[in-house]
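The values are calculated or read from the model by the stated rules, or taken from the named source; none is laboratory data. Please read all numbers here as calculations on a predicted model, not as lab measurements. Every residue, glycine among them, receives a Cβ derived from its backbone with ideal geometry; neighbour counts consider all protein chains shown. Ligands, DNA and RNA are stripped out before the accessible areas are found, and what is left, the full protein with its side chains, is counted by its heavy atoms. Shrake-Rupley method; radii C 1.70, N 1.55, O 1.52, S 1.80 Å.
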Amino acid sequence: MNLTLDALQILDAIDHHGSFAAAALALQRVPSAITYSVRKLEDDLDVLLFDRRGHRAKLTDAGQELLTQGRHILKAAQDLEQRVQRAATGWEVELRLVIDGAIAFDALLPVITEFERQACGTRLRISQEVLSGVWESLVLGRADLAIGAAFDGPDIVRTQGGFQTRILGQIDWVFAVAPSHPLASAPEPLSAATIQAHKIVAVGDTGRNFMSMTAGLLSGQETLTVPSLQAKLSAQLAGLGCGHLPRSIALPHLKSGALVEKATQETRLNADCRYVWRSADKGKALHWFIQRLSDPVVQKMLVGSN
């Protein structure tokens, strides 16, 4: 191959510094070496890369195209070098986190900020799923660590023994409606039959391959399915339905009167939510997050308990 990383670096230096001589100085080479490398590349490619008629080295159209695309190659090579170096230290190139929609992303920000201070070079990729979608992302390899996974997970997690699970805590759910909703003035505690007669707002399970999970839905109840917890909150504030919300999210609206808390005869199942990872994964970034998630202060912050 006629094209080398060294040749691309020389082109980049000439364009950046404006002349062959300045590029030679920046690259700590003699000017004749720079001139030779450029002429050899032009001969090998059979194209003219620089217009040498002026005082400043100016790229031809072909030279500009080569440099534009070459810079992508230089960046990819630099990224690869950094990945290899990080792999040698035990830090992952990328750590993929999936969080359940019931966990407020803002609550995770202090942990992310603390991780960034480690300056380890591991890139974080964070996604959000709901109910079985969280487990599915982990089991199918789209995520390395699940935060806030609901219930015990699918059979494959419980029976294969390839996953580690720890209790994160319990989210405190409150049944709430807008003041204009018919249930706002209904006598308490609300019976299941009374609630069933009204539309419930539910965040849709995002799983595609595993059996869907539900929480707080009554058999035969009319449902408005929305894409996120924030959308569920907005729908209930608008009086479009009833349902449970994490108390930490509902509290400002309960205090302002925009939502009304209602006692129910049957309380929502407050099952433990968990953080889960594959047993075989040993990366330092994953280990760091596991350690932080074991901190009771962090756990309370994430599940929204006081």
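So, in Å, what gap is there between the alpha-carbon centers of the stretch 217-286 and the stretch 37-99?
Going from one Cα centre to the other spans 49 Å.
Based on alpha-carbon atoms only, what is the radius of gyration of the stretch 44-127 relative to the globular estimate 2.2 N^0.38 Å? Could the numbers behind the result be given before it?
Working: Rg = 21.5 Å, N = 84, 2.2 N^0.38 = 11.8 Å.
That ratio works out to 1.81.
Report the one residue of L233, A186, G18 whose Cα lies farthest in the direction of the positive end of the charge dipole of the chain (charges on C-beta: Lys and Arg +1, Asp and Glu -1; origin at the Cα centre).
Of L233, A186, G18, it is G18.
Let me spell out the model: positive unit charges on the Cβ of Lys and Arg, negative unit charges on the Cβ of Asp and Glu, origin at the Cα centre of the stretch 189-303. What dipole size does that give, in debye rounded to 20?
Dipole of the stretch 189-303, to the nearest 20 debye: 380 debye.
Using a 1.4 Å probe over the heavy atoms of the protein chains, calculate the carbon and sulfur portion of the accessible area of the chain as a whole percent.
Values: 8570 of 16420 Å².
Accessible surface attributable to carbon and sulfur in the chain totals 52 percent.
Using alpha carbons only, how many degrees (0 to 90, rounded to 10) separate the axis of helix 5-17 from the longest principal axis of the chain?
The two axes meet at around 90 degrees.
Output the 0 to 90 degree angle, nearest 10, between the alpha-carbon long axis of helix 31-45 and the longest principal axis computed from the alpha carbons of the chain.
So the helix axis and the longest Cα principal axis differ by about 80 degrees.
How compact and how long is the chain, expressed as Rg and Dmax of its alpha-carbon atoms in Å?
For the chain, the Cα-based Rg and Dmax read 28.8, 92 Å.
Let me test this: with uniform point scatterers at the alpha carbons of the stretch 243-306, what is the Debye-based log₁₀ I(q)/I(0) at q = 0.21, 0.23 1/Å?
Those come out to -0.95, -1.05, one per q.
The stretch 205-298: D in µm²/s via Stokes-Einstein (Kirkwood Rh, Cα pairs, 10 °C, 1.306 mPa s)?
On the way: Rh = 16.7 Å.
Rounded to a whole number, D works out at 95 µm²/s.
Projecting each Cα onto the charge dipole of the stretch 262-304 (Lys/Arg +1, Asp/Glu -1 at the beta carbon, about the Cα centre), which of T267, H287, M301 comes out farthest on the positive side?
The Cα lying farthest towards the positive end belongs to H287.
With the other protein chains left in place, how much accessible area per residue, in square angstrom, belongs to the chain at a 1.4 angstrom probe?
Here the residues of the chain average 54 Å² of exposed surface.
If I build a Gaussian network model for the chain, linking alpha-carbon pairs within less than 10 angstrom, which residue out of K255, K199, K284 has the largest mean-square fluctuation?
Fluctuation is largest for K255.
Can you give the charge dipole size of the chain about its Cα centre, rounded to the nearest 20 debye, using +1 on the beta carbon of Lys and Arg and -1 on the beta carbon of Asp and Glu?
So the magnitude is around 460 debye.
Could you size up the charge dipole of the stretch 1-92 around its Cα centre, putting +1 on the beta carbon of Lys and Arg and -1 on that of Asp and Glu, and report it in debye to the nearest 20?
It comes to approximately 320 debye.
Using only Cα atoms, tell me the angle between helix 284-293 and the longest principal axis of the chain; keep it within 0 to 90° and round to the nearest 10.
Around 30 degrees separate the two axes.
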